[in-house]
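Heads up: the structure comes next, in structure tokens.
The values are calculated or read from the model by the stated rules, or taken from the named source; none is laboratory data. Computed from a predicted structure; not experimentally measured. Here the Cβ positions follow ideal geometry from the backbone for every residue, glycine too, while neighbour counts run over all protein chains shown.
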Amino acid sequence: MFINKFPNFKRGNILKREMLENLRDYPRDFLNIYFKDNSDGIISGADIKIKDKYIYINEGIIKFKGVIYILNKEKKVEYFTTEEDVLIKIKIFNKQETNDFTVYDSEVFIDQEIELKGNELELGRFKLREGAKLRAEYKDFADYSTEYNVINRINVKYSGIENPTISPVIIKSFAKILISNSQDNLDINFAMQCLNSKIVNRIVITSYLENRLKLNKENYNNEEIYKYLKLIAKKLQGAEDDIKVKRRRTDKIIVD
């Protein structure tokens, strides 16, 4: 049956093992059940800001290989001039057993190896020129893909239902462009769904793009999704782009 059970710590009560087990299991059970259908990736938080020579990652929750990890205190990492792409990574360590705890631990670091290993997740990437300052704020929608001196979030995997999805920061920024520049029902409906959802599932985004641009049904990666979103944004804002679109083929019947 469904139940909500919590211990009462009152003066004179005997501290029982069952009471302590309840404290141990309840929050973990809640997280595991609530995010059971979610893919690996960032569930919440883990946003990045820049201050002085440090990258700050705020509190957040991630899922990796079915295990929930919580960052409950802001983490800072010193960054450096690169002149080439580097990744901000989370490395997941093997489970450690002690007499008192089972520990699933990780670390955040900057890596010049741009490929992800089997125990790593990406939080972002950047390419920093000598003498330049790194930033995590964006001037416009196209700025998310600026090559130098900007934190690039495009390839970061956010936890979605069954499959990972693209950054909600990017999606909500795109939705605001639709609201301001389009009267098309498809655009408005998609924008409202984006603005009213914390995370927009991948299938919703790709279905919108396939219908909006008459694309073939394919497994588009994050970079391709962003590329097509940027194409739509530029057209709505009165600019053109040279992106080539793989449009859906249509059968024609010629009557003589």
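Exactly one residue out of Glu107, Glu137 is within 21 Å of the chain's Cα centre (by Cα), exposed (fewer than 13 other Cβ atoms within 10 Å of the Cβ) and outside any loop (DSSP other than H, G, I, E, B): that is Glu107.
For beta carbons closer than 7 Å, sequence separation of 6+ or different chains, a first residue in the stretch 172-188 that is farther than 17 Å from Glu210 by Cα and touching a residue at least 60 places away in the same chain (Cβ under 8 Å) and a second that is of a type outside the set (S, T, N, Q) and assigned to a helix (DSSP H, G or I), the qualifying pairs are Ile177/Phe141; Ile177/Ala233; Ile177/Leu236. Taking the stretch 85-97 as the range and being touching a Ser or Thr at 6+ places or on another chain (Cβ under 7 Å) and without any contact (Cβ under 8 Å) to a residue 24 or more places away in the chain as the test, only Lys95 passes.
Against the condition closer than 19 Å to Ile170 by Cα and in the same structural domain as Asp105 (by TED's automatic domain parsing), how does Ile55 come out, does it pass? Working first, answer last.
On the way: closer than 19 Å to Ile170 by Cα: no; in the same structural domain as Asp105 (by TED's automatic domain parsing): yes.
No.
Among the residues making up the stretch 216-236, a single one is aromatic (Phe, Trp, Tyr) and touching a residue at least 24 places away in the same chain (Cβ under 8 Å): Tyr226. Residues of the stretch 47-84 that are in a loop (DSSP other than H, G, I, E, B), more than 30 Å from Ile33 (Cβ to Cβ) and either touching a residue at least 12 places away in the same chain (Cβ under 8 Å) or hydrophobic (A, V, I, L, M, F, W, C) (or both): Lys53, Tyr79, Phe80, Thr81, Thr82, Glu83, Glu84. Annotation: Ile114 fulfils all but one of (1) part of a strand (DSSP E or B); (2) aliphatic (A, V, I, L, M); (3) free of Cβ contacts under 8 Å to residues at least 60 places away in the same chain; the unmet one is (1).
Output the residue which, of all residues in the stretch 85-103 that are of a type in the set (Val, Ile, Thr) and in a strand (DSSP E or B), is surrounded by the fewest Cβ atoms within 10 Å (Cβ to Cβ). Taking the candidates together, the pick is Thr102.
For the stretch 65-82, a residue qualifies if it is within 19 Å of Ile114 (Cα to Cα) and in contact with a Phe, Trp or Tyr (Cβ under 9 Å, 6 or more places away or on another chain), and the qualifying residues are Val77, Glu78, Tyr79, Thr82.
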